[in-house]
Amino acid sequence: MSVTEVLLERNARFQARYSGPGSLEPTLRSLVLTCADQRVDPAHILGIDLNESIVLRNAGGRVTPEVLNELALLGTIAAIEGMDPGFELIVVHHTDCGTARLGDSSHHGLLARYFGIDPSDVPGKCVTDPAAAVMLDIAELARNPFVPSTLKVAGLVYHVETGAIEIVRPATPLSSVEPSSVA
Ligand SMILES: [Zn+2]
């Protein structure tokens, strides 16, 4: 049996108890950005249920040009739907992230394309400390003129060894990011 067949069986059980679609607007009015790593699934580690939050996942849960494009697109959909713009964005990085294996200079070209930066800037961007990476990414959001400064942004680190969450930055408006960290 293929993995797809296994998952289709699970979907049949899901359908049997399905109660219908929720609104386009997530009930927790939030967006979680986190790593694609299967150990960091927000449905499990943060208990996010169906309809509750938008979740964006990529390698590392990093703020890349693609993520900024996604935010612009989602913000436009929210405006079309007439949603209140007061969403909370939660950046979650984690310990033992696979992206920390890419520190060798032979991967700088790959990472430069991922982040849309010059290869010489990769060492400062691809840091192995997840708490530092969270703050770098929040500074990247603050630097972007298309991300509203009133957006509340929180930064968390999930420890895969214990299941614990560390608060790096509580949910506060992006406008409160220190200018020194946006340099
Ligand atoms: Zn990861």
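The values are calculated or read from the model by the stated rules, or taken from the named source; none is laboratory data. Predicted, not measured: the structure shown is a model, and the values here were computed from it. As a convention, Cβ positions derive from the backbone with ideal geometry for all residues, glycine included, and neighbour counts pool all protein chains shown.
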- Mind telling me which of the residues Leu156, Leu136 ends up being buried (at least 17 other Cβ atoms within 10 Å of the Cβ) and part of a helix (DSSP H, G or I)? Leu136
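Okay, residues lined up against (1) touching a helix residue (DSSP H, G or I) at 6+ places or on another chain (Cβ under 9 Å); (2) closer than 30 Å to Ser19 by Cβ; (3) at pLDDT below 95; (4) surrounded by fewer than 14 Cβ atoms within 10 Å (Cβ to Cβ):
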site	(1), (2), (3), (4)
His44	no, yes, no, yes
Gly47	no, yes, no, yes
Leu50	yes, yes, no, yes
Asn58	yes, no, no, no
Leu73	no, yes, yes, yes
Pro85	yes, yes, yes, yes
Leu102	yes, no, yes, no
Pro123	yes, no, yes, yes
Thr128	yes, no, yes, yes
- Message: Here is a list: Val32, Val63. Which entry is within 16 Å of the ligand (Cβ to nearest atom), surrounded by 16 or more Cβ atoms within 10 Å (Cβ to Cβ) and assigned to a loop (DSSP other than H, G, I, E, B)?
- Response: Val63
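Residue-wise test of (1) free of Cβ contacts under 8 Å to residues at least 12 places away in the same chain; (2) not basic (Lys, Arg).
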{"position": "Arg113", "(1), (2)": "yes, no"}
{"position": "Asp118", "(1), (2)": "yes, yes"}
{"position": "Glu140", "(1), (2)": "no, yes"}
{"position": "Phe146", "(1), (2)": "no, yes"}
- Message: Would you confirm whether or not the stretch 18-28 contains a residue that is within 15 Å of the ligand (Cβ to nearest atom) and either in contact with a strand residue (DSSP E or B) (Cβ under 7 Å, 6 or more places away or on another chain) or more than 18 Å from Tyr158 (Cα to Cα) (or both)?
- Response: no
- Task: Please go through the stretch 87-100 and pick out each residue that is surrounded by 15 or more Cβ atoms within 10 Å (Cβ to Cβ) and closer than 20 Å to Asp41 by Cα.
- Result: Glu88, Leu89, Ile90, Val91, Val92, His93, His94, Thr95, Cys97, Thr99, Ala100
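Is it the case that some residue within the stretch 142-152 is of a type in the set (Lys, Arg) and closer than 18 Å to Val55 by Cβ?
Within the stretch 142-152 (the criterion being of a type in the set (Lys, Arg) and closer than 18 Å to Val55 by Cβ), the answer is yes, since at least one residue qualifies.
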- Note on the structure: Within the stretch 66-90, residues being closer than 15 Å to Leu24 by Cα and part of a helix (DSSP H, G or I) number 8
- Message: Contact list please: Cβ distance under 7 Å, first residue in the stretch 91-104 and assigned to a strand (DSSP E or B), second residue among the hydroxyl-bearing types (Ser, Thr, Tyr) and more than 9 Å from the ligand (Cβ to nearest atom), pairs at least six apart or on different chains.
- Response: Val92/Tyr158; His94/Tyr158
- Task: May I ask you to list the residues in the stretch 35-60 that are more than 16 Å from the ligand (Cβ to nearest atom), of a type in the set (D, E, K, R) and either in contact with a strand residue (DSSP E or B) (Cβ under 9 Å, 6 or more places away or on another chain) or under 23 Å from Ala139 (Cβ atoms) (or both)?
- Result: Glu52
- Can you name every residue in the stretch 67-86 that is away from the ligand (no atom under 16 Å from the Cβ) and either closer than 23 Å to Leu111 by Cα or small (Gly, Ala, Ser) (or both)? Leu68, Asn69, Glu70, Leu71, Ala72, Gly75, Ala78, Ala79, Gly82, Gly86
- Any idea which residue in the stretch 87-100 is modelled with the lowest pLDDT, counting only those that are of a type outside the set (Asp, Glu) and more than 15 Å from the ligand (Cβ to nearest atom)? Phe87
